[in-house]
1. Hey, which of the helices (runs of 4 or more DSSP H) in region 125-214, taking only ones fully inside, have at least 3 residues that are of a type outside the set (S, T, Y), outside the structural domain of Q244 (by TED's automatic domain parsing) and modelled with pLDDT of 95 or more?
2. Which of the following residues is more than 30 Å from T66 (Cα to Cα) and surrounded by fewer than 15 Cβ atoms within 10 Å (Cβ to Cβ): L149, L167, L190, L196?
3. How about region 106-128: which of its residues are surrounded by fewer than 19 Cβ atoms within 10 Å (Cβ to Cβ) and touching a Pro at 6+ places or on another chain (Cβ under 7 Å)?
4. Could you identify the single residue in R301, R331, R339, R315 that is closer than 23 Å to H251 by Cβ, touching a helix residue (DSSP H, G or I) at 6+ places or on another chain (Cβ under 6 Å) and not aromatic (F, W, Y)?
5. Considering only region 256-273, how many residues are assigned to a loop (DSSP other than H, G, I, E, B) and either in contact (Cβ under 8 Å) with a residue 60 or more places away in the chain or surrounded by fewer than 17 Cβ atoms within 10 Å (Cβ to Cβ) (or both)?
6. How about region 205-257: which of its residues are on the phi > 0 side of the Ramachandran plot and more than 17 Å from the chain's Cα centre (by Cα)?
7. Tally time: how many residues in region 312-339 are among the hydroxyl-bearing types (S, T, Y) and closer than 16 Å to G236 by Cα?
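The values are calculated or read from the model by the stated rules, or taken from the named source; none is laboratory data. For clarity, every value in this text was computed on a predicted model and none was experimentally measured. FYI the Cβ positions are ideal-geometry reconstructions off the backbone, even for glycines, and counts take in every protein chain you see.
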Amino acid sequence: MVADEVDFVVGVDTHRDQHTLVVVASPSGGELGAAVVEARASGYEAALALAGERAPGRRAWAIEGTGSYGKGLARFLAERGERVLEVERPRRKQPVGRGKSDRLDALRAARALLGEARPAVPRAAGGREAVRMLLATRASAVAARTSALNQLRALLLSCPEPLRAELSGLTRARLIACCRSLDASGVDDLELHGALQALRLVAARVHALTIEARELEHELLRLSRQLIPALLAERGVGPITAAQIFVSWSHHGRFASEAAFAHHAGAAPIPASSGITTRHRLDRGGDRKLNYALHQIVISRRKNDPNTIAYIQRRRAEGKTDRDTIRSLKRYLARHLYRTLEATPRPLDS
């Protein structure tokens, strides 16, 4: 328990512009002081000064939102040797009879940490954070490109003849190239003029987003080769899936075991037995992006990996469905990739 390891806990309720701190004693949870600081460097200094005054012994920080509003404070404290731990934000619906304020939230965060046996550590910064930002930016570019492509196809369906006939049946690449070269100057027909302009601009948007996504993929590949070459060397693992697995894993020791990592990935077997039927079902929870990355690797391996193909054939012969087989493969894959990541050099955490 954290209560056995520290003398004080500083609970922090984080917001965009300011953070509320409450210092409690361990193990009683009695409140020793509170303050509100600005969410900037001077405020972080004030928070550390308050902790030094009110919590001069062994202390830990219970911070909400270490990946968002509390990220700056968590990084500031970690760089100064403070023990920073993460706590979940309270549910929006509070039980009847419980009040709600920033000070109360900070107090609850501190007291909740005292009862934790294995508290959560904030996700790693450095290389992991660089990969996360690039991965998120690529995802938004791909989503925007898909939306633009859908809009381009919708415009194509409604544009006037003979333009529609000229563009129909083209491959996507050829369609985008043709639409980008359309010229509406000198066209008197208002509908045709509008169609030409719209098709040209949307095609240009698709082209720009394609270049952006490709550039981000190249950068993710470069970082993956630098940070997680062993993961990238696995069969069926590309730069995007490798990046997502790395981001979800974060750093050494974040998960207590490979079983915990599999549970986080939604790949752990869930009993679904009834009567004389003994079976397991897919987990619908966990990190769905990580689960999707595992799924993509399994789909790739079932086409190209002899061991995976043989395993699927053996399971089918035993009467197992493809869904059960894929679930088992994802569980095995989660175990293997977790061990691969945990065996990577420690500088990965920087």
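1. Numbers: elements: 127-158, 163-167, 172-180.
Answer list for region 125-214: 127-158, 172-180.
2. Values: L149 fails: surrounded by fewer than 15 Cβ atoms within 10 Å (Cβ to Cβ); L167 fails: surrounded by fewer than 15 Cβ atoms within 10 Å (Cβ to Cβ); L196 fails: surrounded by fewer than 15 Cβ atoms within 10 Å (Cβ to Cβ).
The unique qualifying residue is L190.
3. Matches in region 106-128: none.
4. Answer to the check: R331.
5. Number of matching residues: 8.
6. Hits for region 205-257 are G236, G253.
7. Going through region 312-339, the residues among the hydroxyl-bearing types (S, T, Y) turn out to be 321, 325, 328, 332, 338.
Subsequent filtering for residues that are closer than 16 Å to G236 by Cα retains 332, 338.
So the answer is 2.
So that you can scan it fast, the table gives a plain yes or no per residue for (1) not in a helix (DSSP H, G or I); (2) not small (G, A, S):
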| site | (1), (2) |
| --- | --- |
| L231 | no, yes |
| G236 | yes, no |
| Q244 | no, yes |
| R254 | yes, yes |
